[in-house]
Every structure is written in structure tokens, then in C-alpha cells.
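Student: One structure follows; several queries about it will come next.
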Amino acid sequence: FRRELTIGPSDIIVESSDEKLMNRVIKVMSENISNPDFGVEELGREVGLNRTHLYRKLKQLTNHTAIEFVRNMRLQRAAQLFTQNKLYVAEVAYMSGFKELSYFRKIFREFYGMSPQEYVNNCSEQLRNAESPTTQS
């Protein structure tokens, strides 16, 4: 009786330094997204870059400034919360790291082209349409 053991290298996944940086930035942002005091300075500190270098890299990789990147991630999280939960606009704003509800409403409209409430209504309508059975004549 002979047992054969095959040993080989594991799959190699090569990430560029830019991919590693973006993965780290997204991870850190996700962990701190509800903290309204977490901004570009804190993000840079967490990923190990000074503010200037972080601004340059994010602009190069995303075509957005660091402030826009942080704001857009917060807005995208808000949209996720609206689609996944039945929460009030104010709750979602604060859970996404916004201090001012009026500012949240303003930039949400700029980003998505509709108010947060319109977005919620649109999502609810799409969900109802997806759940209702279609009848054919």
C-alpha cells in the first residue's frame, strides 16, 4: 500500500501596487464609513500615505479627488442601505457618515439625479414590480 502526496505551489495571484492600495483604501473606508469625523487625513494615515500622496494616487486611479472619493463611497453606501433596509433618510445619512441632513440631501441629488426619498420610492417600486407575478393574456 503506497500513498502518494502531491505538493505544488498554490495559485499565484499577482496584484499591482495600485490594486493593493485601492483594496486597502476601500477596506479602510468601509470600516470607517459611518464615522462622520473620518476624512482624507484619517484615510491617509490608515493606508500609510501622506495626504498629498493620497490625493495624487486617488486622482490618478479614480479620476476623483480624495474628498470626492470619500463622499462618493458614503453616497454609494447610502444607496445600498436604501435598497437593503427600510430606514428613514436621516438614519441612512447618519449611518453613511454624514453630519448634516440638508447637505446629504443636496449631494445625494447631485450624485443620483434624484432626492433620497425619490430614490427610496424608485427602489420600492422596482422591488414590487420584481415580486409581482406577470400575467399573460
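Values in this text are rule-based calculations from the coordinates and carry no lab data. Keep in mind that this is a model prediction, so the values were computed, not measured.
Student: May I ask you to evaluate 6.51 cos²θ - 1.76 cosθ + 1.60, the Karplus curve with θ = phi - 60°, for each residue of the range 81-91 and list the ³J(HN,Hα) values in order in whole Hz, giving x for glycine and proline?
Tutor: Calculated HN-Hα couplings, in order: 4, 4, 7, 9, 9, 9, 10, 6, 4, 4, 4 Hz.
Student: Moving to a separate point now. Once phi is turned into ³J(HN,Hα) by the Karplus curve 6.51 cos²θ - 1.76 cosθ + 1.60 with θ = phi - 60°, what whole-Hz value does each residue of the range 114-121 show in order, with x for glycine and proline?
Tutor: 7, 5, x, 5, 5, 4, 4, 4
Student: Under 30 Å from the Cα of residue 20, which lysines turn up, not counting those fewer than eight places away in the same chain?
Tutor: 57, 59
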